[in-house]
1. Quick query: amide H of Leu182 versus all other amide H atoms, modeled in the peptide plane; which residues come in under 5 Å with a sequence gap of 5 or more or a different chain?
2. If you take the beta carbon distance between Ile202 and Ser87 as r and set R0 to 25 Å, what does 1/(1 + (r/R0)^6) give as a FRET efficiency, to the nearest 0.05?
3. Going down the table (Lys190/Lys237; Lys113/Lys246; Lys190/Lys246; Lys185/Lys246; Lys214/Lys246; Lys91/Lys246), which pairs top 21 Å between alpha carbons?
4. Could you check the simple spin-label distance between Glu189 and Glu105, using points 7 Å along Cα→Cβ, in nm with one decimal?
5. Spin-label point model (7 Å from Cα, Cβ direction): what's the Arg233 to Glu148 distance in nm?
6. Given Cα pairs under 8 Å that are at least 6 residues apart, what percent is the relative contact order of region 74-253?
7. Would you calculate the separation in nanometres between label points at Lys113 and Ala242, each defined as 7 Å from the Cα along the Cα-to-beta-carbon direction?
8. If you take the beta carbon distance between Ala257 and Glu98 as r and set R0 to 41 Å, what does 1/(1 + (r/R0)^6) give as a FRET efficiency, to the nearest 0.05?
Amino acid sequence: MNRCAAPEPGIQRLIKVPGPRVEHGVTNLYIRILVFAVSGFSGGGVFVFAYECRCDTLICMNTIKDVTGRDSGLRPDPMVIIEQYYSPGTKSYEYLVEHGRMVAEKALEIARKVFWLPPGMLFIEEAAMLHDIGIYMTDAPHLGCTGEYPYIAHGYIGRQILEEEGYPLHALVCERHVGVGLTAKEIVEKALPVPARNMVPITLEEEIICFADKLHPVTPEKMLTRISVAEAREDIKVYGPAQLRKFDRWAAMFQEA
Ligand SMILES: [Fe+2]
């Protein structure tokens with residue numbers, strides 16, 4: 001069904017989906033043993049704690065299973081989800097899939113550079129493919145979308161869609177990737193047409209995808225191209241100095257110049 005061509009009236013309901021139940025399993029044990037062995041030589045207790053926290057997140061994102069160890073079905077197939085909302089061959093479908101692939105490719109490239117943190121690679125690939133799923137509800141004719149909402153709303157609309165599909169972690173990537181993230185204060189002060197709540201990337205994966213997305217603008221003249229970090233800085237500048245500082249911090253952390 002091409003919901004882009006005939007957008008539904010709007011998703012007003014925010015369904016709360018319980019988070020995945022995670023089985024850490026043997027892999028987590030191996031990681032913990034390895035980290036303790038390494039830290040025994042370096043004496044890095046803080047490092048152990050921080051690394052274990054990241055490992056917990058990574059394992060949560062990469063092996064979402066129920067307590068019996070069976071696949072609970074919470075791993076999305078991005079293309080299956082996309083094709084529920086967009087028809088292959090349409091302008092919006094072609095844009096969404098190609099843009100998603102470009103962002104996923106760049107995000108994975110960045111993630112490989114910070115492998116020690118460590119980022120959840122599978123999650124990044126899935127969430128990057130799905131991060132703009134909400135655009136069909138927005139008014140963006142150059143993307144083939146004729147919805148009733150302003151483009152800035154695609155983030156929280158995407159969250160609603162993926163929560164209804166049953167993927168709450170991926171849903172947060174949708175909501176938190178607009179600009180360099182939107183704070184509730186900024187939303188109120190600028191009277192932005194989105195709910196007044198914090199929509200800021202928090203996890204490493206959310207930050208990587210948001211940063212990679214900024215290198216792939218949506219404007220008609222630059223769509224489906226990759227721009228340099230310097231060009232992206234110019235785009236971010238208009239949002240304010242705090243936003244630019246955050247972008248610069250990411251660029252340094254991800255070794256992107
Ligand atoms: Fe995007």
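1. Met199, Val200
2. Values: r = 34 Å, r/R0 = 1.35.
Calculated value: 0.15.
3. On the way: Lys190/Lys237 16 Å; Lys113/Lys246 19 Å; Lys190/Lys246 19 Å; Lys185/Lys246 16 Å; Lys214/Lys246 12 Å; Lys91/Lys246 33 Å.
Where the Cα-Cα span goes over 21 Å, the pairs concerned are Lys91/Lys246.
4. About 3.8 nm, to one decimal.
5. In this crude label model, Arg233 to Glu148 measures out at 4.3 nm.
6. On the way: 269 pairs, mean separation 32.1, N = 180.
RCO, region 74-253: 18 percent.
7. For Lys113 paired with Ala242, the spin-label model returns 2.7 nm.
8. Values: r = 26 Å, r/R0 = 0.62.
Taking R0 as 41 Å, the efficiency between Ala257 and Glu98 is 0.95.
Bear in mind that the values in this text are calculations on the coordinates, not laboratory data. Keep in mind that this is a model prediction, so the values were computed, not measured. Reconstructed Cβ throughout: ideal geometry from the backbone, glycine too, with neighbour counts over all protein chains shown.
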